Amino acid sequence: MKLVFASNNKNKIQEIRHQLPDDIELLSLEDIGCHEDIPETADTIEGNAILKADYVTQNYGYDCFADDTGLEVDALNGAPGVYSARYAGEQKSAEDNMDKLLAALDGNTNRDARFKTVIALNRNGKQHLFTGIVNGVITTEKTGKEGFGYDPVFKPEGLDFTFAQISITEKARLSHRGRAVSQLVDFLKS
């Protein structure tokens, strides 16, 4: 089975490819010749996932899935949320985003947060949504060199390390995206 993942984020593609069964060939936007920046103008994580999946299906005719992920921090009333990638500006710099987040939480004892991923799958003319959530806390400093995005400042609940301190395989097993992809895989197998 061929399935398009509406992303050119090589980190996400690699992370998801690790979880898919061998009989699913994962294609990126680049693989199908989609080089435009798909608008993410929804005001929810679910909405952005749907926008991206619908864009590929409507403009390229492929069965496809798209994800959107947000980091929701309690002390910041759920921010950065849907704006996680652009939290510190349109340059989408992970370092700038983490620096802004750590500054915003400086001195705050409530560091509770959650990562939320929603996957929208368009397959055989129908749409299906899958959601993965991981609760945790924002650390006071960046730790670890693995992963991407906010991984160096997010410590999952019940664990003593950040997502940036574990392998891609371990992260796929524990993460918000991993949980949503597991639901996607179970659905595709059924």
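Regarding the range 76-89, can at least one residue be identified that is assigned to a helix (DSSP H, G or I) and of a type in the set (Val, Ile, Thr)?
In the first step, residues of the range 76-89 are kept if they are assigned to a helix (DSSP H, G or I); the result is 76, 84-86.
Subsequent filtering for residues that are of a type in the set (Val, Ile, Thr) retains none.
Looking for residues that are assigned to a helix (DSSP H, G or I) and of a type in the set (Val, Ile, Thr), one finds none in the range 76-89, hence no.
Working only within the range 144-188, note down all residues that are surrounded by 15 or more Cβ atoms within 10 Å (Cβ to Cβ) and among the polar types (S, T, N, Q).
If the condition is that a residue be surrounded by 15 or more Cβ atoms within 10 Å (Cβ to Cβ) and among the polar types (S, T, N, Q), then Thr162, Gln165, Ser175, Ser182, Gln183 are the ones that fit.
Residues of the range 157-175 being in contact with a Pro (Cβ under 9 Å, 6 or more places away or on another chain) and touching a residue at least 40 places away in the same chain (Cβ under 8 Å), which ones? Steps first, answer last, please.
To start, the set of residues in the range 157-175 that are in contact with a Pro (Cβ under 9 Å, 6 or more places away or on another chain) comprises 162-165, 174-175.
Within the range 157-175, Leu174, Ser175 meet the criteria.
Can you confirm whether Ile168 is β-branched (Val, Ile, Thr), within 14 Å of Arg114 (Cβ to Cβ) and either touching a helix residue (DSSP H, G or I) at 6+ places or on another chain (Cβ under 7 Å) or at pLDDT below 95 (or both)? Write out each step before concluding.
On the way: β-branched (Val, Ile, Thr): yes; within 14 Å of Arg114 (Cβ to Cβ): no; either touching a helix residue (DSSP H, G or I) at 6+ places or on another chain (Cβ under 7 Å) or at pLDDT below 95 (or both): yes.
No: the conditions fail for Ile168.
Please enumerate the residues belonging to the range 8-38 that are in contact with a Leu (Cβ under 9 Å, 6 or more places away or on another chain) and either closer than 18 Å to Arg177 by Cβ or among the aliphatic types (A, V, I, L, M) (or both). Show your work before the answer.
Filtering the range 8-38 down to residues in contact with a Leu (Cβ under 9 Å, 6 or more places away or on another chain) leaves 8, 13, 16-17, 19-21, 24-27, 35-36, 38.
Those that are in contact with a Leu (Cβ under 9 Å, 6 or more places away or on another chain) and either closer than 18 Å to Arg177 by Cβ or among the aliphatic types (A, V, I, L, M) (or both): Asn8, Ile13, Ile16, Arg17, Gln19, Leu20, Pro21, Ile24, Leu26, Leu27, Ile38.
Out of the range 102-122, which residues are part of a strand (DSSP E or B) and aliphatic (A, V, I, L, M)? Quick ask: steps written out before the conclusion?
Initially, the range 102-122 is screened for residues part of a strand (DSSP E or B), giving 112-122.
Matches in the range 102-122: Ala113, Val118, Ile119, Ala120, Leu121.
Write out, first by first residue and then by second, each pair whose Cβ atoms fall under 7 Å of each other, whose residues are 6+ apart or on separate chains, and whose first residue, in the range 127-156, is under 17 Å from Ser84 (Cβ atoms) while the second is among the acidic types (Asp, Glu) and surrounded by fewer than 17 Cβ atoms within 10 Å (Cβ to Cβ).
Asn135/Glu157; Gly136/Glu157; Val137/Asp112
Restricting attention to the range 1-39, which residues are in a strand (DSSP E or B) and either buried (at least 17 other Cβ atoms within 10 Å of the Cβ) or of a type in the set (A, V, I, L, M, F, W, C) (or both)? Before the answer, list the steps.
Kept after step one, since they are in a strand (DSSP E or B), are these residues of the range 1-39: 2-5, 25-27.
Matches in the range 1-39: Leu3, Val4, Phe5, Leu26, Leu27.
The values are calculated or read from the model by the stated rules, or taken from the named source; none is laboratory data. Quick caveat: nothing in here was measured; it's all calculated off a predicted structure. Every residue, glycine as well, gets a Cβ built from its backbone with ideal geometry; the counts of neighbours run over all protein chains shown.
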